[in-house]
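I have placed the structure first, in the form of structure tokens, so that the comments after it can refer back to it.
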Amino acid sequence: MRIFIFRSEASRGLQAFAGDPAGSKLPRKHGPWHATGVIRDDKDPPHSFSRATIEKAIDETGFQLWRLKPSA
């Protein structure tokens, strides 16, 4: 599965993984969403995230939201 990465314009620091390049299932309340990248089938997600967990969330809800903790 190719995983598409998006950034929320409305919620600072909020990002998402989605299963389609348009991000059609991303929550509208945090939009607009901007595509920032794609993870090919043969590549690992950033920040040591679990591909299996991301793919499960996409299969169940169409997306997975994530936010990095601010660096100290």
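List of remarks:
- Mean residue ellipticity (222 nm) of the chain, computed from DSSP H runs ≥ 4 via -39,500 (n - 2.57), nearest 500: -4500 deg cm²/dmol
- Dipole moment magnitude, nearest 20 debye, the chain about Cα centre, only Lys, Arg, Asp, Glu C-beta charged: 320
- Here the chain was treated as a single set of alpha-carbon atoms; its pair distances binned every 10 Å from 0 give 21, 56, 22, 1 percent.
- Charge dipole (the chain, unit charges on Cβ, about Cα centre) - positive-most of P70, F4, P45: P70
No lab work stands behind these numbers, since they all come straight from the coordinates. Since the structure is predicted, the reported quantities are computational estimates derived from the model, not experimental observations. Cβ atoms come from the backbone with ideal geometry, glycine included; neighbour counts cover every protein chain shown.
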